[in-house]
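Notes for the one structure printed next.
Just so it is clear, none of the values below were taken in a lab; they were calculated from the coordinates. Just so you know, these numbers come straight off a predicted model, no measurement behind them. A quick note on method: Cβ atoms are made from the backbone with ideal geometry, for glycine too, and the neighbour counts reach across all protein chains shown.
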Amino acid sequence: MRLTTKTIIAATALGTASIASAITYDAGTNGTSFSGGSFSAGANTLQVTDIAVAGIGSYLGVVGGAAGPEIGIGENLVITFDEAMRFDYITLGLLFDGPEYGDPHEIAALNADGTTEYTLTANGSDTATWTGPGTVDNLSLADSSEAAIWRINNPFGGLRVTQLTLTAVAATGGTDQGDGESDFGLVGFGVPDNGATLALLGVALTSLAVFRRKI
């Protein structure tokens, strides 16, 4: 098959679609911003903090409330995308099961577009309950010498999200900050595709089919 200029353009479009399809955010690498969207925290201030356990990395939280640099009760970390996105994974840290730091079975809430809320509850050193689709992997044990990091794979199934709000849900029976509050941080997330990329992919595939018939 001869490679015409049009064929090359179509193939290039395919390559561009593949490259543009992924958004990967890591707190330690990307800080308080990412390409394709933005973070906000209301009246509070965004802050990236190194995790105390050596070699684990960093987390994004907010400063302004009782939870220090983490996301605590009454605080929100909002992820807003330029267009609706499907999450591949989201990773949260410092979500302990207790009795570490007086935190009993800490709970993180993830609200998608203000309509659907899911919760992640740490209930063991390496086990947690997620109320949404997908699965949960423990990446660092929920022990006092570790970082209690959890990766939620395919957290919302096929749901595309424009805005995701992260907040903490009060736990019971703890002593942290005097009332057993939950608090945690955002370690990272991955978005595998978006509507614009899929449209570009469709155009590229159509172009290849048309030009192939002409060769």
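Pop the C-beta distance of Asn123 and Val78 into the FRET formula with R0 = 25 Å and round what comes out to the nearest 0.05. Efficiency at R0 = 25 Å is approximately 0.40. Counting neighbouring beta carbons within 10 Å and listing from fewest to most, the residues Tyr59, Tyr89, Tyr25 come out as Tyr89, Tyr25, Tyr59.
Potential lengthening of the chain between Ala66 and Ser144 amounts to 26.1 nm, from the contour at 0.36 nm per residue minus the alpha-carbon distance. Taking a ≥ b ≥ c as the square roots of the eigenvalues of the alpha-carbon gyration tensor, region 64-160 is classed oblate because a/c is 1.5 or more while a/b is no larger than b/c. Taking 7 Å steps out from each Cα toward its Cβ at Ala170 and Ala54 produces label points 4.0 nm apart.
Residues Leu186, Leu94, arranged from fewest to most other Cβ atoms within 10 angstrom of their Cβ, appear as Leu186, Leu94. Considering the zone a paramagnetic label at Ser35 would reach in this model (a point 7 Å from Cα along the Cα-to-Cβ line), which residues of region 67-87 have amide N under 18 Å from it? Residues passing the 18 Å test: 80-86.
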